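Here is the structure we will look at, set down as structure tokens.
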């Protein structure tokens, strides 16, 4: 049973693609659920808030021991999800944590910063400059998260089986590309 990890940039339509994949593949989506369960397992719910708060607005700074326990819990939960199969893991370094797992396919959804900023500006009804600031902060925080906790470069193409730029591709087209990729991988494995 295959598993998909989906890394996405803010404003790249990755969340929309995940929802389409959920319906097309009949898989379950795991995103913030993993964060919350991991934090509860280590008895530190504040870590879930600190992790979700990628813009750093809450100012939460869990101690190193709690953070390490949390990261271990996230890895364990992802492996449990991967063992069950039929899952879409959105974000949370799934492309790195599960990089050596069989039948786990890693996808990244990107788009140029100006395209993403326009999308965010329209969706959130905020000025373009504010949307651009959110894009820049999100990109930096996601990059630093993977680098700091996993020693990996978020933009390393070797972490992904396919990188999709949604500047000219609709979420539906992207979801179909991902499904076709999974089918091709599975044919080659058999």
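The values are calculated or read from the model by the stated rules, or taken from the named source; none is laboratory data. Quantities reported herein were computed from a predicted structural model and do not represent experimental measurements. All Cβ positions, even for glycine, are placed from backbone atoms using ideal geometry, and neighbour counts span all protein chains on display.
Points to keep in mind about this one:
- Test for residue 190: is it out of contact with any strand residue (DSSP E or B) (no Cβ under 7 Å at 6 or more places or on another chain), surrounded by fewer than 13 Cβ atoms within 10 Å (Cβ to Cβ), over 17 Å from residue 106 (Cβ atoms) and at pLDDT below 90: yes
- Taken over the stretch 1-34, residues that are assigned to a helix (DSSP H, G or I) and touching a helix residue (DSSP H, G or I) at 6+ places or on another chain (Cβ under 7 Å) amount to 8.
- Residue count, the stretch 77-119 (criterion: free of Cβ contacts under 8 Å to residues at least 24 places away in the same chain and under 18 Å from residue 36 (Cβ atoms)): 2
- Only helices (runs of 4 or more DSSP H) whose full extent lies in the stretch 35-100 are considered here, and the ones with at least 1 residues that are modelled with pLDDT of 75 or more and over 30 Å from residue 183 (Cα atoms) are 64-84.
- Qualifying positions in the stretch 139-160 - on the phi > 0 side of the Ramachandran plot and assigned to a helix (DSSP H, G or I): none
- Flag if residue 135 is more than 15 Å from residue 4 (Cα to Cα), buried (at least 20 other Cβ atoms within 10 Å of the Cβ) and either out of contact with any strand residue (DSSP E or B) (no Cβ under 9 Å at 6 or more places or on another chain) or without any contact (Cβ under 8 Å) to a residue 40 or more places away in the chain (or both): yes
- In the stretch 105-123, residue nearest to the chain's Cα centre (by Cα) [restricted to those that are part of a strand (DSSP E or B) and surrounded by fewer than 24 Cβ atoms within 10 Å (Cβ to Cβ)]: 108
- Selection within the stretch 101-132 - modelled with pLDDT of 95 or more, under 18 Å from residue 6 (Cβ atoms) and out of contact with any helix residue (DSSP H, G or I) (no Cβ under 6 Å at 6 or more places or on another chain): 108, 110, 111, 119
- Residue 13 more than 21 Å from residue 143 (Cα to Cα) and modelled with pLDDT of 95 or more: no
- In the stretch 157-167, residue surrounded by the fewest Cβ atoms within 10 Å (Cβ to Cβ) [restricted to those that are more than 9 Å from residue 109 (Cβ to Cβ) and in contact with a helix residue (DSSP H, G or I) (Cβ under 9 Å, 6 or more places away or on another chain)]: 167
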